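> Take a look at the following structure, please.
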Amino acid sequence: MTTPDARSGTGQPAELFFEDLVPGLTVDLGVVTVDGDEMVAFARRFDPQWYHVDAELAGASRHGGLIASGFYTVSLFMRAYVDHLLSRAAADASPGLEELRWLAPVRAGDRLAVRVDVMGARPSTARPGLGTVSLTGTMLRLGPDDRPEQEVLRTRFRGWFAVRPADDDPTEPDPTAADPAGADPTAADPTAANPTGVEPTGSGPSDDGRPARVPPNAGPAETSPGNGPPRAEPPT
């Protein structure tokens, strides 16, 4: 069963974790086209200023027509962020944003390229098991040739992402895996793995250079009488 910490922002099993969101990473969030009816409906519901909802007044103004509410534009960014990143990543909540700028008007029919850049990442001091990732999101208007013409939105914010669960590490050996041969070759001869008869005093590194894993709740290793020192015979 997938634990909540291993689920993506949309509830599906996560494939990206805090460790994957390294500074310098850029994630393409696709291209969104501004729907005029949706743009105006949003403004009528949440931001009914005349240059968002009154086509006649907006057309006669310096705006030259209706422009989108900035909060509608950032909502388009958020949807692209969820669809193309949070739906894959073990995302938790966000502690907030530092910057939100509307750099140019957005209009019906605009095609906006969306991306997010990872600027920094560190383990969270407030939320154990999570990492704080600093991100910059941008939206750029595309021209007829699909080349960027103008940046219309920029935002800087932070997100919490779960660290990768230990049992999800593909490099971690499975201590419960069965012997592929079906039997332990040292079972018949307890001295085969240690011909000197001297018990090791500590755990040495494994084949890949990491400290050997000790299965949880392991008790002391059993020893064969043949491996210990000779017992003194009682006096006769």
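> Can you report the number of residues in segment 114-136 which are open to solvent by less than 10 Å² (accessible area, probe 1.4 Å) and part of a loop (DSSP other than H, G, I, E, B)?
The number of residues fulfilling the criteria is 0.
> Hey, among P4, P13, which residue is in contact with a Lys or Arg (Cβ under 7 Å, 6 or more places away or on another chain) and without any contact (Cβ under 8 Å) to a residue 12 or more places away in the chain?
P13
> Condition test on E56, is it surrounded by fewer than 16 Cβ atoms within 10 Å (Cβ to Cβ), without any contact (Cβ under 8 Å) to a residue 40 or more places away in the chain and either touching a strand residue (DSSP E or B) at 6+ places or on another chain (Cβ under 6 Å) or part of a helix (DSSP H, G or I) (or both)? Before the answer, list the steps.
Numbers: surrounded by fewer than 16 Cβ atoms within 10 Å (Cβ to Cβ): yes; without any contact (Cβ under 8 Å) to a residue 40 or more places away in the chain: yes; either touching a strand residue (DSSP E or B) at 6+ places or on another chain (Cβ under 6 Å) or part of a helix (DSSP H, G or I) (or both): yes.
Against the criterion (surrounded by fewer than 16 Cβ atoms within 10 Å (Cβ to Cβ), without any contact (Cβ under 8 Å) to a residue 40 or more places away in the chain and either touching a strand residue (DSSP E or B) at 6+ places or on another chain (Cβ under 6 Å) or part of a helix (DSSP H, G or I) (or both)), E56 qualifies.
> For V22, are the conditions met, namely being open to solvent by 50 Å² or more (accessible area, probe 1.4 Å), more than 21 Å from E149 (Cβ to Cβ) and outside any helix (DSSP H, G or I)?
yes
> Same structure, new question: Specify which of the listed residues (D179, D167, D184) is loosely packed, with under 15 Cβ neighbours inside 10 Å and either at pLDDT 50 or above or within 32 Å of the chain's Cα centre (by Cα) (or both). First the steps, then the outcome.
On the way: D179 fails: either at pLDDT 50 or above or within 32 Å of the chain's Cα centre (by Cα) (or both); D184 fails: either at pLDDT 50 or above or within 32 Å of the chain's Cα centre (by Cα) (or both).
Answer to the check: D167.
> Out of all the residues in segment 60-113, which are within 17 Å of P148 (Cα to Cα), open to solvent by less than 20 Å² (accessible area, probe 1.4 Å) and assigned to a loop (DSSP other than H, G, I, E, B)?
Residues satisfying the conditions are A104, V106.
The values are calculated or read from the model by the stated rules, or taken from the named source; none is laboratory data. Just so it is clear, the structure is predicted and the values come from calculations on it, not from any experiment. Cβ atoms come from the backbone with ideal geometry, glycine included; neighbour counts cover every protein chain shown. Heavy atoms of the whole protein, side chains included, go into the accessibility calculation; ligands, DNA and RNA do not. Shrake-Rupley method; radii C 1.70, N 1.55, O 1.52, S 1.80 Å.
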